[in-house]
Amino acid sequence: MKETGKRKKTAANILTVLFLLSEVIFLVMILTSGIFASKYLIFAGCILLVMTAVTLLLVRSAKGRRKAGYVLAVFFSAILAFGSYYLYSTADLFGEISGEDKQAEDFYVVVLKDGSYESIDDIAKHTVYITSGQSDSYEAAKDKLKEEFKVEYETAGDYILLGQKLISEDGAEHDEIIYLSSINYEMICETDTSFKDSTKILDTVSIEVENTDVAKPANVTGESFNVYISGIDTFGSIDKVARSDVNMIMTVDPVNKKILLTSIPRDTYVTLHSYGAKDKLTHSGIYGIDETVKTVEDWLGIDINYYLRVNFTTLEDVVNVIGGIDVNSEYSFTSSVGNYSFVKGVNHLNGEAALCFARERYAFASGDFQRVKNQQLVIEGIINKLMSNKSLLVKYPQLLGAVKDKVKTNMSDKEISALVKMQLDDMSGWDIQMQSITGTGAMRVTYSGGSGNLSVIIPDDSSVSSAVTKIKQMSLKES
């Protein structure tokens, strides 16, 4: 009997220690997370005190109630363990999406599919044609290839002329070697649909690109700030250098819960910050998000406090996790990609449909100008769903998984936590306003495109001036 009593006492002591340990860990995590207001911390503390008192009393009580105490100790320990895990996952996510921002840029060695070059070793000591456009990553890629295969370089001109080193305008094929970025390769394939079928990629050289930190820290819960949203035209990893297809300034007034979304057409003709040459805004993404931010700051004469990089996968996954979004379409149309049909008025969209809605431009007479409006509607739908639907808390783990590795920002983890804390404090909605910069279509020479004319949008000065005025008006002093 004494042995049995000792075992029961030992079991009670072990359960008590485990319960108290899980409670301490949970308290540490909830206090260090920085996302809960004082009223929630006090409430949580009261609940924990009650849980502790009831559980310990039962565990230490008479035989009849002791089993109930064991069950509660195990049950509450499990709940606290899960809570600690999700709090840790949240902190880890904030740290990851706001951590060191590096991207990888790929460069291709391309030859004719039916040419004499069968493996990468065949290019050793041969002449390799390159583009005239230079960047630090391209220089690093060239050095890497030359060191390994002792090749000689010869400049062919812009990427279109480089492509013609393999296939001329008249369709004649030439058994040469070209070396270019994956983005330039994709641009050639878009211009000449037969290029991809007639050529092959012998080798891929990846170069790591570290984005310069261009953050201008603000008091994110006490003053207005600007976030540049860059949506790159890729699926999968966010760490790939790509064109910036979605270009939007989100001006946030946290005091009055107002957001102003300012969209800029991707083909807007701007002067690149680092190169002093004209190019499409979308092409600035080729040189890194820091180049895009600085270029827009130069052009509009405003400060961009932070940036947020997302891609197609991010949008699809987030919309699916939150159960879809509602958008109020200005037109009835069918998307050219995905073949989704949308009605004029409210549409409930899943992830894929939302992406098709945001990417479509061919269905509209105004083309890209309507596309940027639709992109705003999608962003508005996501914000409204996230900020007002408390039931999404049960989908919190899935939401963490949806954005991890698919979102990058130069906002610090503490700033992100402060914003989350502010929103959790009242869960009130936001007043979202939208505007777009407009312009006129034209054909112009671009820095990344070389000597050939490309389709661009010349921004309308009055449109730019009006947009900048509204951005500057949303300041704490004037709100």
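The values are calculated or read from the model by the stated rules, or taken from the named source; none is laboratory data. Because the structure is a prediction, the values reported are computed rather than measured. A quick note on method: Cβ atoms are made from the backbone with ideal geometry, for glycine too, and the neighbour counts reach across all protein chains shown. The area values use the complete protein model at the heavy-atom level, side chains included, leaving out ligands, DNA and RNA. Shrake-Rupley method; radii C 1.70, N 1.55, O 1.52, S 1.80 Å.
Within segment 86-105, the residues that satisfy the criterion of being touching a residue at least 60 places away in the same chain (Cβ under 8 Å) and either among the charged types (D, E, K, R) or more than 26 Å from Leu308 (Cβ to Cβ) (or both) are Glu96, Glu100, Asp101, Lys102, Glu105.
Name the single residue, out of those in segment 235-259 being basic (Lys, Arg) and touching an Asp or Glu at 6+ places or on another chain (Cβ under 7 Å), that is modelled with the lowest pLDDT.
The initial filter retains those residues of segment 235-259 that are basic (Lys, Arg), namely 240, 243, 257-258.
Filter again for touching an Asp or Glu at 6+ places or on another chain (Cβ under 7 Å), leaving 243, 257-258.
Values: Arg243: 85, Lys257: 92, Lys258: 93.
Filtering segment 235-259 for residues that are basic (Lys, Arg) and touching an Asp or Glu at 6+ places or on another chain (Cβ under 7 Å), the one modelled with the lowest pLDDT comes out as Arg243.
Exactly one of these conditions fails for Ser206: (1) farther than 17 Å from Arg309 by Cα; (2) without any contact (Cβ under 8 Å) to a residue 60 or more places away in the chain. Give me its number. The single condition Ser206 does not satisfy is (2). Would you please name the residue that is surrounded by the fewest Cβ atoms within 10 Å (Cβ to Cβ), looking only at residues in segment 451-466 that are at pLDDT 95 or above and among the polar types (S, T, N, Q)? Here the answer is Ser462. Scanning segment 324-355 for residues that are touching a Gly at 6+ places or on another chain (Cβ under 7 Å) and surrounded by fewer than 19 Cβ atoms within 10 Å (Cβ to Cβ) yields a total of 6. Looking across Thr221, Thr193, Thr199, one residue alone is among the polar types (S, T, N, Q), surrounded by 18 or more Cβ atoms within 10 Å (Cβ to Cβ) and out of contact with any Asp or Glu (no Cβ under 6 Å at 6 or more places or on another chain). It is Thr199. Close Cβ contacts (under 7 Å, 6 or more residues apart or on different chains) running from residues in segment 151-176 that are touching a residue at least 12 places away in the same chain (Cβ under 8 Å) to residues that are in a helix (DSSP H, G or I) and among the aromatic types (Phe, Trp, Tyr) comprise Gly163/Phe195; Ile167/Phe195.
Do you know which of the residues in segment 86-112 that are acidic (Asp, Glu) and assigned to a loop (DSSP other than H, G, I, E, B) is modelled with the lowest pLDDT? Full working, then the answer.
Quick first cut of segment 86-112, residues acidic (Asp, Glu) only: 92, 96, 100-101, 105-106.
Cutting the leftovers down to assigned to a loop (DSSP other than H, G, I, E, B) gives us 100-101.
Values: Glu100: 64, Asp101: 72.
So, considering only residues that are acidic (Asp, Glu) and assigned to a loop (DSSP other than H, G, I, E, B), the one modelled with the lowest pLDDT is Glu100.
Please find, among Gly83, Gly115, the residue that is in contact (Cβ under 8 Å) with a residue 40 or more places away in the chain and assigned to a helix (DSSP H, G or I). Please lay out each step first, then the result.
Values: Gly115 fails: assigned to a helix (DSSP H, G or I).
The match here is Gly83.
Of the conditions (1) within 30 Å of Ser237 (Cβ to Cβ); (2) at pLDDT below 95, Leu161 satisfies every one except a single condition; which number is it? Condition (1) is where Leu161 drops out.
Listed here are the residues, each with its yes/no results for (1) surrounded by 14 or more Cβ atoms within 10 Å (Cβ to Cβ); (2) under 26 Å from Ala215 (Cα atoms); (3) out of contact with any helix residue (DSSP H, G or I) (no Cβ under 6 Å at 6 or more places or on another chain).
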residue	(1), (2), (3)
Leu400	yes, yes, no
Val403	yes, yes, yes
Met411	yes, yes, yes
Glu415	yes, yes, yes
Met422	yes, yes, yes
Gln433	yes, yes, yes
Thr440	no, no, yes
Met443	no, no, yes
Gly449	yes, no, yes
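Taking the numbered list (1) open to solvent by less than 60 Å² (accessible area, probe 1.4 Å); (2) farther than 30 Å from Asp405 by Cα; (3) aromatic (Phe, Trp, Tyr) in turn, Tyr108 passes all entries but (2).
Between Phe75, Phe26, which is modelled with pLDDT of 85 or more and surrounded by 14 or more Cβ atoms within 10 Å (Cβ to Cβ)? Walk me through it before giving the result.
Working: Phe75 fails: surrounded by 14 or more Cβ atoms within 10 Å (Cβ to Cβ).
Answer to the selection: Phe26.
Listed by position, the helices (runs of 4 or more DSSP H) inside segment 338-456 whose residues that are without any contact (Cβ under 8 Å) to a residue 12 or more places away in the chain and more than 25 Å from the chain's Cα centre (by Cα) number at least 1 are 413-426.
Going through segment 78-101 one residue at a time, which ones are within 30 Å of Gly288 (Cα to Cα) and surrounded by fewer than 19 Cβ atoms within 10 Å (Cβ to Cβ)?
Those that are within 30 Å of Gly288 (Cα to Cα) and surrounded by fewer than 19 Cβ atoms within 10 Å (Cβ to Cβ): Ser89, Ala91, Asp92, Gly95, Glu96, Gly99, Glu100.
Among the numbered conditions (1) over 26 Å from Ser428 (Cα atoms); (2) within 13 Å of the chain's Cα centre (by Cα); (3) surrounded by 18 or more Cβ atoms within 10 Å (Cβ to Cβ), the only one that Val214 does not meet is (2). Filtered by the rule that a residue be of a type in the set (A, V, I, L, M), farther than 16 Å from Val246 by Cβ and open to solvent by 10 Å² or more (accessible area, probe 1.4 Å), segment 301-323 gives Ile302, Val321. For Ile42, the conditions (1) open to solvent by less than 70 Å² (accessible area, probe 1.4 Å); (2) in a helix (DSSP H, G or I); (3) aliphatic (A, V, I, L, M) are fulfilled apart from (1). Contact annotation: no residue pair with Cβ atoms under 8 Å, 6 or more positions apart or on different chains, pairs a residue in segment 132-147 that is free of Cβ contacts under 8 Å to residues at least 12 places away in the same chain and open to solvent by 30 Å² or more (accessible area, probe 1.4 Å) with a partner that is assigned to a loop (DSSP other than H, G, I, E, B) and hydrophobic (A, V, I, L, M, F, W, C).
Quick one: would you say Ile207 is among the aliphatic types (A, V, I, L, M), open to solvent by less than 10 Å² (accessible area, probe 1.4 Å) and within 29 Å of Asp136 (Cα to Cα)?
The answer is no for Ile207.
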